[in-house]
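Just so it is clear, none of the values below were taken in a lab; they were calculated from the coordinates. Because the structure is predicted, anything quoted here is derived from the model rather than measured. Counting neighbours? That spans all protein chains shown, and the Cβs are built from the backbone with ideal geometry, glycine included.
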Amino acid sequence: MNWTMILKIAKTHLLTKKRQTIIAALGVTFGIGSYITLVSFMTGLNGMLDDMILNQTPHIHLYNEIRPSVLQPLDYLEDSGLTAIRSVRPKQRQKRIHNALALLKHLSTDQDVKAALPKVEAQVFYISGPIELGGVVHGIDVIQEVNHYNFKDYIVNGTYQDLAQTPNSILLGAGIAQKMSLDVGDRIRLSTIDGNVFSLKIIGLFQSGIADLDAVQSYTNIKTAQRLLGETNMYITAIDIKLHDMHKATSIAQSLEQQFGLRAVDINTANAQFETGTTIRNLITYAVSFTLLLVAGFGIYNILNMLIYEKMNDIAILKATGFSSSDVHHIFVSQAIIIGLIGGILGLALGLGLSMAIDQTPFDTSALPTVTTYPINHKLSYYLIGLGFALFATFLAGLLPARKAGKMDPVHIIRGQ
Amino acid sequence: MNTSTVLRANNINKHFYTPEPFHVLKDVNLTVGKGEFTTVMGKSGCGKSTLLYILSTMDTQYNGELYIHDQLVTGKTANELAYIRNKHIGFVFQFHYLLSDFSVLENVMLPAQKLAQRSPTAIKAAALEKLAMLDIDTLAYKKAANLSGGEKQRVAIARALINDPAIIMGDEPTGNLDSHNASNVFDIFKRLSVENGLSLLIVTHDKDFATKTDRIIQMKDGRIVSN
Ligand SMILES: Nc1ncnc2c1ncn2[C@@H]1O[C@H](COP(=O)(O)OP(=O)(O)O)[C@@H](O)[C@H]1O
Ligand SMILES: [Mg+2]
């Protein structure tokens, strides 16, 4: 097969029909351009939301849940299956995790575990002047928290170093600060459930962007929280585990529950709806791009069909002078692919331009203090897929007209003159 | 059997079935010898073009046998026939069938590029040589669409010659030209026949033209009546 000759004929045909060629190519350009833009933007969004969830949610959250014993004393006596105990109440138990320091040590030697962070949760009242607000204080290992989660991103007007180093300091929820008209540098009093009152210094504000959380939640370092509750450094109410491979979360959580009699919530269970959102966004991206390319494909199909009737003389001459059906077929398929290639490359450029423009567009959201522009995920593979998609679609669109051209009978055409 | 036969047709019969059954060619037998300049004459509608399309292997819907260089051509695949047309047959139509978007040179080169038995430079040299032989080498880089009728027909002859075919067939190649250009084209054919020993089979209505050739085949109602 003499491709230089075939491509030369294809090129000449396209050049004599510049306007139609450009229109057909533009169809592909818009299809591929919007695919690149959409897929970069959608996956950018997905990535941002994933990051947001993943970087503030532990893979496994271990805590001591207050719940009634599954086996009641009567169940140990007989096994008739007919016993029914009503109005079961849980026993008042401590919220602390039993032997937490040993457990932390054990977890940190586990090969699957990247980090196990202790937490102390305390119910408190925030007091400032006459106002009292109920809320929660989380005692955390500040440095580790910053290393493993995006805790730092949610601190406004303050630094995590201050929180780690200043005794009796607090990172106050932004909503609380607003309600109480407090600001960084002020002091706030906290009252525990037992009635002890402490005065803490506000070294910064915490803003997650979720108003309900910011109106109740504050952070201290873990020692401050333990002192607040009048407990020793053995007192730990929860352990957040980050794994090397988050897909193992569910199975590891189950074995931890059984092994230690604690409640273990894994990220997959906690964020099941999240996957659905990602899937739907991907679906939309591909549905829209596919539709646009389908339209472009029909455009190419139409234009090639027209071209074939306009070039019927050429087809007859080529066949009369010894070109085979497949030569003629290749000439017209090449034309479709050339349109796809030019349109596709322009489409990639358009997509790159649009997604760079989106990348520069300011995006102000209190939920994501570190995000200043719309998220875009520039990825080479999308561009390769886009070009492949363009070539494949135009090839398909060219196939039928090209076959028709290949089958044309030169005698019929010449007689028609 | 004459060993220097270029083309031989045995008992060619052809029917058209639409719009109504019609027996166009009836028991046509014909040979063209090497170097022979043969013309086919006959009233309009007697089947000359139909015969020529069969002899040029473009039409395969017929009964009978066709030999080119004593080799049976009938029944060969479409690709084999395309190769035979490319290598052994040059065709000149009544209307100036050129690829109008291409240059004269490209038009002449194309069949040789398809055959691909010579290097691109050799093909170009051969094409320019054929154009010079027909006195149109100055037009080589003009677009085919911008030529006059007589010039186009000479380009078509150059194209038919490019692969040094066994035979040139023409379906009223001068039918659409004024008398000056028509005699010019005829002179070219005559020269090719005499000087280059080329075989020609030309359909024509021009009596003067025909009488100057080696042989006249007369057709009537789908039959050859004199040979
Ligand atoms: N495709 C066709 N279908 C039916 N009849 C045809 C077809 N082509 C030609 N004919 C008829 O066949 C006869 C011979 O046509 P043709 O070979 O073109 O004659 P000529 O070239 O001698 O003028 C004519 O009567 C013409 O009408
Ligand atoms: Mg005719």
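For the range B:5-21, what does the Karplus curve 6.51 cos²θ - 1.76 cosθ + 1.60, with θ = phi - 60°, yield as ³J(HN,Hα) per residue in whole Hz, taken in order and with x for Gly and Pro?
Each residue's phi maps through the Karplus curve to give 6, 8, 9, 9, 10, 10, 6, 7, 10, 9, 10, 9, 10, 10, x, 9, x Hz.
Under 10 Å, Cα contacts only: if you run a Gaussian network model on chain B, which one of B:Thr18, B:Thr31, B:Thr39 comes out with the highest mean-square fluctuation?
Comparing B:Thr18, B:Thr31, B:Thr39 in a Gaussian network model of chain B, the most mobile one is B:Thr18.
Near A:Gln207, within a Cβ-to-Cβ distance under 13 Å, what is the net charge of the other residues, with Lys and Arg +1 and Asp and Glu -1? Show your work: numbers first, answer last.
Working: positive: A:Lys152; negative: A:Asp153, A:Asp212, A:Asp214.
Result for the neighbourhood of A:Gln207: -2.
Counting only other chains, and only Cβ atoms inside 10 Å, what mean value do you get across the residues of B:111-118?
Details: counts 6, 3, 6, 9, 3, 3, 0, 0.
Average per residue, whole number: 4.
Could you order the peptides A:332-339, B:122-129 from most to least packed, using the average number of other C-beta atoms within 10 Å per residue?
Working: A:332-339: 25.6, B:122-129: 17.2.
For the peptides A:332-339, B:122-129, the packing ranking is A:332-339, B:122-129.
Show that you can apply the helix-only estimate: for chain B, add -39,500 (n - 2.57) for every DSSP H stretch of four or more residues, divide by all residues, and state [θ] at 222 nm to the nearest 500. Working shown, then result.
Values: 7 runs with 81 residues, N = 227.
Computed mean residue ellipticity for chain B: -11000 deg cm²/dmol.
Across the range A:207-214, in residue order, what do the Karplus-derived ³J(HN,Hα) couplings come to in whole Hz, using 6.51 cos²θ - 1.76 cosθ + 1.60 with θ = phi - 60° and x for Gly and Pro?
With the stated coefficients, the range A:207-214 comes to 10, 8, x, 8, 4, 4, 6, 5 Hz.
Taking each pair of different alpha-carbon atoms in the range B:131-173 once, compute 1/r for the pair, average those values, and report the inverse of that mean as the Kirkwood hydrodynamic radius in Å to one decimal.
Result for the range B:131-173, one decimal place: 11.1 Å.
Could you work out the mean count of beta carbons from other protein chains within 10 Å of each residue's beta carbon in A:305-313?
Values: counts 0, 0, 0, 0, 0, 0, 3, 0, 5.
Average neighbour count from other chains, rounded to a whole number: 1.
Would you kindly derive the ³J(HN,Hα) couplings of the range B:122-136 from the backbone phi angles with the Karplus curve 6.51 cos²θ - 1.76 cosθ + 1.60 (θ = phi - 60°), listing them in order in whole Hz, with x for Gly and Pro?
5, 5, 5, 4, 5, 5, 5, 5, 5, 4, 5, 4, 9, 6, 10
Going toward the positive end of the dipole of chain A, with +1 on Lys and Arg Cβ and -1 on Asp and Glu Cβ, which of A:Ser289, A:His98, A:Asn147 do you reach last?
Farthest along the dipole direction, towards plus: A:Ser289.
How big is the range A:140-186 by the Kirkwood estimate over distinct Cα pairs, in Å? It would help to have the intermediate numbers written out before the result.
On the way: mean 1/r = 0.0871 Å⁻¹.
Kirkwood hydrodynamic radius for the range A:140-186: 11.5 Å.
For the range B:63-159, evaluate the Debye formula with one uniform point scatterer on each Cα (no solvent term) and list log10 I(q)/I(0) at q = 0.11 Å⁻¹, rounded to two decimals.
Log10 I(q)/I(0), no solvent term: -0.38.
Report the one residue of B:Asn13, B:Leu52, B:His180 whose Cα lies farthest in the direction of the positive end of the charge dipole of the range B:5-226 (charges on C-beta: Lys and Arg +1, Asp and Glu -1; origin at the Cα centre).
So the residue we want is B:Asn13.
Taking the Cα centre of the range A:130-235 as the origin, how large is its charge dipole in debye, to the nearest 20, when only Lys and Arg (+1) and Asp and Glu (-1) carry charge on their Cβ atoms?
Working: 7 positive and 11 negative charges, 48 e Å.
Charge dipole, the range A:130-235, about its Cα centre: 240 debye, nearest 20.
If R₀ is 22 angstrom, what is the calculated FRET efficiency for the pair B:His180 and B:Glu129, using the beta carbon separation as r and rounding to 0.05?
Efficiency, from the Cβ-Cβ distance: 0.30.
A:Asn168 versus B:Glu20, label points 7 Å from Cα toward the beta carbon: distance in nm?
Once both label points are built, they end up 12.0 nm from each other.
Which trypsin sites (Lys or Arg not before Pro) in the range B:1-92 pass both tests, a DSSP loop state and at most 12 other beta-carbon atoms within 10 Å? Working shown, then result.
Details: sites: B:Arg8, B:Lys14, B:Lys26, B:Lys34, B:Lys43, B:Lys48, B:Lys76, B:Arg85, B:Lys87; in loops: B:Lys34, B:Lys43, B:Lys76.
Those that pass, being in a loop and sparsely packed, are B:Lys43.
Taking the Cα-to-Cβ direction at A:Gln178 and at A:Leu77 and moving 7 Å from each Cα, how far apart do the two end points lie in nm?
Between A:Gln178 and A:Leu77, the label points sit 5.7 nm apart.
Could you give the size of the charge dipole of the range B:5-226 about its Cα centre, using +1 on the Cβ of each K and R and -1 on the Cβ of each D and E, expressed in debye and rounded to the nearest 20?
180 debye
What number, rounded to the nearest 500 deg cm²/dmol, is the helix-based mean residue ellipticity at 222 nm of chain A, given -39500 (n - 2.57) per DSSP H run of at least four residues and division by all its residues?
Values: 16 runs with 233 residues, N = 417.
Dividing the helical sum by the residues of chain A leaves -18000 deg cm²/dmol.
Cα-Cα pairs above 23 Å in chain B: how many percent? Intermediate results must be reported in sequence, preceding the final value.
Details: 12100 of 25651 pairs.
Percentage above 23 Å: 47.
Could you please tell me the mean projected area of the C-alpha convex hull for the protein assembly as shown, averaged over all directions and given in square nanometres to one decimal? Don't jump to the answer; show the numbers that get you there.
Values: hull surface 197.2 nm².
Averaging across all directions leaves 49.3 nm² for the Cα convex hull.
How much of the DSSP beta bridge set in the protein assembly as shown is antiparallel, as a percent to the nearest 5?
Numbers: 56 of 84 bridges.
Of those bridges, close to 65 percent are antiparallel.
Assign unit charges at the C-beta atoms only (+1 for Lys and Arg, -1 for Asp and Glu), then state the dipole size of chain A relative to its Cα centre in Debye, rounded to the nearest 20.
Working: 33 positive and 31 negative charges, 298 e Å.
It comes to approximately 1420 debye.
Go ahead and collect, in residue order, the members of the range A:94-116 whose backbone nitrogen is under 15 Å from a label point 7 Å along the Cα-Cβ direction of A:Asp245.
A:111-114
Got a sec? Charge dipole of chain A, +1 on Cβ for Lys and Arg, -1 for Asp and Glu; which of A:Ala397, A:Gly173, A:Gly44 is way out at the positive end?
Towards the positive end, the residue furthest out is A:Ala397.
How crowded by other chains is A:321-330, given as the mean number of beta carbons from other chains within 10 Å of each beta carbon? Intermediate results must be reported in sequence, preceding the final value.
Working: counts 19, 19, 6, 10, 3, 3, 3, 1, 0, 0.
Mean number of neighbouring Cβ atoms from other chains: 6.
What is the sum of charges around A:His247, taking Lys and Arg as +1, Asp and Glu as -1, for the other residues whose C-beta is under 15 Å from the C-beta of A:His247? Walk me through the intermediate numbers first.
On the way: positive: A:Lys114, A:Lys242, A:Lys248; negative: A:Asp50, A:Asp112, A:Asp245, A:Asp266, A:Glu275.
Result for the local shell: -2.
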